[in-house]
Amino acid sequence: TRMAVSKSTLSIVLIVLGGLSVLFGTVLVFVGPIIIDDQIVKNVEINPNNGLSYTMWKDIPVPFFMSVYFFHIVNPDEILKGEKPTVVQRGPYVYREKRWKDNITFHDNHTVSYKEYRQYFFEESMSVGNESDLVTIPNMLVLGASVMMENMPFPVRLLLSATFKSFEEGPFLTKPVGELMWGYDSKLVDFLNKYFPGMLPTSGKFGLFAEFNNSNAGQFTVFTGQDDIRKVHMVDSWNGLKSVNYWRSEQCNMINGTAGQMWPPFMTKESTMPFYSPDACRSMELVYQRPGMSRGIPVYRFVAPKTLFANGADYPPNEGFCPCRQSGLLSVRTCRHNSPVFISHPHFFEADPVLLDTVNGLRPNEDEHGLFIDIHPVRKPGTQNKNCDFNIHVSFQSKLLEMEFLNLIDSFSMALWVKEPTHTHEHILDLVLSHGFSITDVQILDTLLFRSYACFISLPFPQLSSSITRTVQLTHSFSSHFCDDFSNTFNMMCLSSSPDLDADQHLSLLNTACSEVLNTTAPLKLKKSKPKTKSWLYDNIRSLRQACSRAERK
């Protein structure tokens, strides 16, 4: 009888537990995503009270890298005789970019103003050579100055032509990469600044990027998202302006979207990704192309439409950006000191085929030369896989120059193209470990979306009193493959660790365990890696940061 009662009781208990499990699972289906979304909103909005997320927004802890590719001219003498230019791409020459925000002011209308500063450091280990490599490119100082003064009186143009000859300045220039980038001494610069003040953007050395180092792109005022997360990072004004006056139509002068680094979460296939680029002097917009996977994480790919640099004849809304040349070129003369500079996709990607016929050696490729962003649509703002490539060209009108320049009439000279600074860190765990935080708890929760899971990582942060701590939860979606391996490894590590170990020893074990999982499920693609290279995760904080930076760069 007792056995029968026990079996009956056990059956009832199992039924009750089963019912509770079903009920809990049903509730979790509806409540789980809401909890996750709430955590995402709290970490995405710009709020000084958010601690870590605000610090990451203010002083970006991850490195950005700018890759520069020069078009080395191999036949400069033949070009002057009328032959088509032949170029060879040299690069990448990689520069680590440090970014930080300053002059931060919060306003009552849920906006914040700031200036973001940039500083560049050459990374020889990631480059094809060093900054002493010699490259031959068009002498943009000479050719640009010539075009900028084409409407001057004839005596002035004649004086300018004689000045070029006296300073031994020709249509082409051979200089080390470092000098071309950051500046070189030039008697011509001194002459122009003395007799034509204000014509050049600099009064010192002339370099293609001299004015960008240790500088900012102007004052942005963006929405914090505290009142509406759909507006977070959206630009309210730039340098106090709601629109610019560079172009010929109201639509083209509009300042739309974000500052080009972060976007609101919860993207859909119908979403677009608008942003304002001070370097291009205009707003741009990316559109959804296709779904994909990035290191096991589901992403949406947003690309630049073919109409981005189309001329007004091919795409009437772009008429305001004219006067136009062939489709694929955008003149930025009105915002670049009146210099005859055009931008495009590298290698004339998606440009009028006529442009490809003007230069030998161009090989446009979508993966390398297209502008696209891969973004997790729901759980993460768009900061990864941003491939923004621009090509800089100079058009020449040679009526100011002597006969040796005549063969450059109405041509486009390939100077260089730049891959805009980008950084990819799909796993928030990479960032957590790179800062050496002690992890107190890890929870895995099925998001029921995109076959992914959420990993809740609890971190202790000291307050004013060292005896008081608070727990901050960072949320990120992982693929199920990574999630399963990570949770199993973490549980095994916890079971095998001794309670006598201190926090640093526990962190060291966790770093090692997570390193193995990350390298197995989402390995970094290291080129020329040595077999005995140490793991890119260390228990020492400084070594850990350096190792993560080196591995991510490679």
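Just to be sure, is E319 part of a strand (DSSP E or B) and either in contact with a Pro (Cβ under 6 Å, 6 or more places away or on another chain) or under 30 Å from N239 (Cα atoms) (or both)? Against the criterion (part of a strand (DSSP E or B) and either in contact with a Pro (Cβ under 6 Å, 6 or more places away or on another chain) or under 30 Å from N239 (Cα atoms) (or both)), E319 does not qualify. Taken over segment 169-196, the residue count meeting the criterion of being within 17 Å of A210 (Cα to Cα) and in a loop (DSSP other than H, G, I, E, B) is 3. In the set (1) modelled with pLDDT under 90; (2) of a type outside the set (F, W, Y); (3) in contact with a Lys or Arg (Cβ under 8 Å, 6 or more places away or on another chain), M267 fails one condition alone, (3). The residues of segment 227-239 that are closer than 18 Å to A259 by Cα and part of a loop (DSSP other than H, G, I, E, B), listed by number, are D228, V232, H233, N239.
If only residues of segment 206-218 that are of a type outside the set (A, V, I, L, M) and assigned to a loop (DSSP other than H, G, I, E, B) are counted, the one that is farthest from F191 (Cα to Cα) is N214.
Can you list residue pairs whose Cβ atoms sit under 7 Å apart, with the first residue in segment 164-190 being over 11 Å from G207 (Cβ atoms) and the second being of a type in the set (F, W, Y) and in a helix (DSSP H, G or I)? Count only pairs 6 or more apart in sequence or on different chains. That search, which allows pairs on different chains as well, returns P171/F405. Consider segment 190-215 and keep the residues that are at pLDDT 80 or above and of a type in the set (G, A, S). The one that is farthest from L180 (Cα to Cα) is S215.
For G328, indicate whether it is surrounded by fewer than 22 Cβ atoms within 10 Å (Cβ to Cβ), small (G, A, S) and in the same structural domain as A145 (by TED's automatic domain parsing). No: the conditions fail for G328. Being over 30 Å from K306 (Cα atoms), of a type in the set (A, V, I, L, M, F, W, C) and surrounded by fewer than 20 Cβ atoms within 10 Å (Cβ to Cβ) is a property that holds for F191.
Kindly establish whether Y69 is more than 30 Å from E368 (Cβ to Cβ) and either at pLDDT 80 or above or of a type in the set (D, E) (or both). No: the conditions fail for Y69.
Among the residues making up segment 281-308, those that are surrounded by fewer than 18 Cβ atoms within 10 Å (Cβ to Cβ) and not in a strand (DSSP E or B) are G296, P305, K306, T307.
Quick one: is T221 at negative phi and not in a strand (DSSP E or B)?
The answer is no for T221.
Residue by residue, here is whether (1) hydrophobic (A, V, I, L, M, F, W, C); (2) farther than 30 Å from T202 by Cβ; (3) at pLDDT 90 or above holds:
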residue	(1), (2), (3)
S339	no, no, no
F342	yes, no, no
H345	no, no, no
F348	yes, no, no
D352	no, yes, yes
T358	no, no, no
G370	no, yes, no
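Table: residues versus (1) touching a His at 6+ places or on another chain (Cβ under 8 Å); (2) of a type outside the set (D, E, K, R).
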position	(1), (2)
M293	no, yes
A310	no, yes
Y315	no, yes
Q326	no, yes
L330	no, yes
C335	no, yes
V341	yes, yes
D357	no, no
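Applying the criterion of being assigned to a strand (DSSP E or B) and over 14 Å from the mean Cα position of the chain (by Cα) to the residues of segment 247-272, the residue that is surrounded by the fewest Cβ atoms within 10 Å (Cβ to Cβ) is T272.
Pairs meeting the criteria (first residue in segment 230-256 and assigned by TED's automatic domain parsing to the domain that holds M273, second residue exposed (fewer than 14 other Cβ atoms within 10 Å of the Cβ) and assigned to a helix (DSSP H, G or I), beta carbons under 7 Å, at least 6 apart or on different chains) are Q251/P317.
The values are calculated or read from the model by the stated rules, or taken from the named source; none is laboratory data. Remember, predicted model here, so these are calculated numbers, not experimental data. Every residue, glycine as well, gets a Cβ built from its backbone with ideal geometry; the counts of neighbours run over all protein chains shown.
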